[in-house]
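Notes to accompany the following structure.
The values are calculated or read from the model by the stated rules, or taken from the named source; none is laboratory data. Since we're looking at a predicted model, the values are computed, not measured. Heads up, the Cβs are rebuilt from the backbone with ideal geometry, glycines too, and the neighbour counts pull from every protein chain shown.
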């Protein structure tokens, strides 16, 4: 299921989302001694990252990771890891831990097995920030990829390799089975085009056509959609 909250400006959205996330992470650390958050790449979350990075949270007890990543060098302009380090892991948030889901040069079966073992230590996420592509993909669960069925399977491993046919670079992505376990899930969208894609996703049920539907229509997932023009 889902709810939609609309904001008059992206700046207001960024501030409100950062406040909500800060509260959740702080409460999780107070309760469990640690917290984890998985974020997404792209230009949309940059403002949110900037606001959150300046908040005096117990960052040393918070682990940040990515919902998905392109298998490129960390200094590549296409790297989500680079994006997060330059925009979120700054200021107060420089003290956070970061779990790299892109490790090494080749995404071999052995590397994937090691990453899955490491990922278990930060699961389930306290906060998940998803994005959505024009084709309805989220994380790297692409409708064009042959790995989609595996990525949506309930018995999937935490992480899987994805080779999209309509987007560049091999990917590594958390599977739906583990993303959906997040205690708080937000879908962060901006612009009229994304609202049109969202409406199409809401009005259909085929998850293989638009993977974001797996989050929007699942009866036990409360996906908080936040949007600004």
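Suppose we filter the range 184-220 for residues that are at pLDDT below 95 and touching a helix residue (DSSP H, G or I) at 6+ places or on another chain (Cβ under 6 Å); how many remain?
The total comes to 0.
Do any helices (runs of 4 or more DSSP H) lying entirely in the range 19-121 carry at least 1 residues that are out of contact with any helix residue (DSSP H, G or I) (no Cβ under 7 Å at 6 or more places or on another chain), closer than 26 Å to residue 177 by Cα and free of Cβ contacts under 8 Å to residues at least 60 places away in the same chain, and which ones are they?
80-87, 109-119
Inside the range 42-70, can you point out the residues that are under 24 Å from residue 147 (Cα atoms) and surrounded by fewer than 21 Cβ atoms within 10 Å (Cβ to Cβ)?
If the condition is that a residue be under 24 Å from residue 147 (Cα atoms) and surrounded by fewer than 21 Cβ atoms within 10 Å (Cβ to Cβ), then 42 is the only one that fits.
For the range 17-41, which positions are surrounded by 20 or more Cβ atoms within 10 Å (Cβ to Cβ) and more than 21 Å from residue 132 (Cβ to Cβ)?
25, 28, 35, 36
To keep it simple, each residue is scored yes or no on (1) under 17 Å from the mean Cα position of the chain (by Cα); (2) under 19 Å from residue 223 (Cβ atoms).
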{"site": "6", "(1), (2)": "no, yes"}
{"site": "21", "(1), (2)": "yes, yes"}
{"site": "25", "(1), (2)": "yes, yes"}
{"site": "44", "(1), (2)": "yes, yes"}
{"site": "56", "(1), (2)": "no, no"}
{"site": "71", "(1), (2)": "yes, no"}
{"site": "75", "(1), (2)": "no, no"}
{"site": "80", "(1), (2)": "yes, no"}
{"site": "89", "(1), (2)": "yes, no"}
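Those residues that are buried (at least 19 other Cβ atoms within 10 Å of the Cβ) and more than 13 Å from the chain's Cα centre (by Cα), I need them from the range 160-196; list them, please.
160, 161, 162, 164, 171, 190, 194
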